[in-house]
C-alpha cells in the first residue's frame with residue numbers, strides 16, 4: 001500500500017513513495033513492456049531500487065516522486081526532475097504498470113503533477129520526453145495540451161537500435177489557458 005496521499009484526483013491519488021513501494025516499483029520497472037518505454041537498459045535489483053528510494057527520500061536533490069494509486073493500490077509512478085532549476089523548467093517522468101494501460105490513470109497523474117509543478121514549485125515550463133515508437137505516451141501529452149517542441153534523432157540506444165526521442169513541453173500561461 002502506498003504512503004500517504006499528497007494530491008487527490010478524480011480516479012487517482014499521488015502518494016508519497018514509501019519503503020513498502022520498493023517491491024512494486026522494482027517489479028514494474030523490470031516489466032519488459034515498461035522498461036522498453038522508459039529507456040531502462042538493465043534490470044534493477046531490489047537492493048538497487050531500495051538505494052534509489054533511500055537517496056530520493058533523504059536528499060534535497062531537486063526531484064519529487066509519487067506513487068500513482070487507485071483505491072489504495074499502486075498502479076504506477078510519476079515524478080519531477082529539476083524542481084529547483086534556476087531557469088524554471090522541470091521534467092516529468094511517468095510509468096504505469098502494463099495491466100493498467102488504457103485506463104486513463106497516466107493522463108490524470110500527468111495532469112495532477114503538471115498542476116503541482118506550476119502551483120507549488122512556480123515552474124515556468126514543464127517538459128516530457130517520449131520515444132518515437134511510444135504513440136500512447138505522446139497522445140497523453142498532446143491531450144493535455146503539451147506541444148511537440150522537437151525531435152532528437154537517434155538520441156537513445158535501446159534493444160540494438162537507435163531511437164528518436166520526441167520532446168513535449170507546455171508553458172505556464174499555456175497551461176492556465178486550457
Semi-axes of the equivalent ellipsoid of the stretch 49-178: what are they in whole Å, largest first, if each equals the square root of 5 times a C-alpha gyration tensor eigenvalue?
-> 21, 20, 17
Ordered by packing density, taken as the mean number of other Cβ atoms within 10 Å over each peptide's residues, highest first, how do 161-168, 94-101, 81-88, 11-18 rank?
-> 11-18, 94-101, 161-168, 81-88
According to a simple spin-label model (label point 7 Å from Cα along Cα-to-Cβ), what is the distance in nm between residue 48 and residue 147?
-> 3.8 nm
Label point 7 Å out from residue 7 along Cα-to-Cβ: which residues of the stretch 66-101 have amide N under 13 Å?
-> 66-69, 77-81, 83, 90-94
What distance in nm separates the simple spin-label points at residue 16 and residue 154, each placed 7 Å from Cα in the Cβ direction?
-> 4.7 nm
Where both partners of a DSSP beta bridge lie in the chain, what percent of those bridges are antiparallel, to the nearest 5?
-> 90 percent
Put one equal scatterer on each alpha carbon of the stretch 5-126, apply the Debye formula with no solvent term, and list log10 I(q)/I(0) at q = 0.09, 0.12, 0.14 1/Å to two decimals.
-> -0.23, -0.42, -0.58
With only helices counted (DSSP H, runs n ≥ 4, each -39500 (n - 2.57)), the per-residue ellipticity at 222 nm for the chain, to the nearest 500, works out to -10000 deg cm²/dmol
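Laboratory data are not the source of any read-out in this text; all were calculated from the coordinates shown. If you're wondering where the values come from, they're calculated on a predicted model, not measured in any experiment. Here the Cβ is made from the backbone with ideal geometry for all residues, glycine too, and neighbour counts use every protein chain on show.
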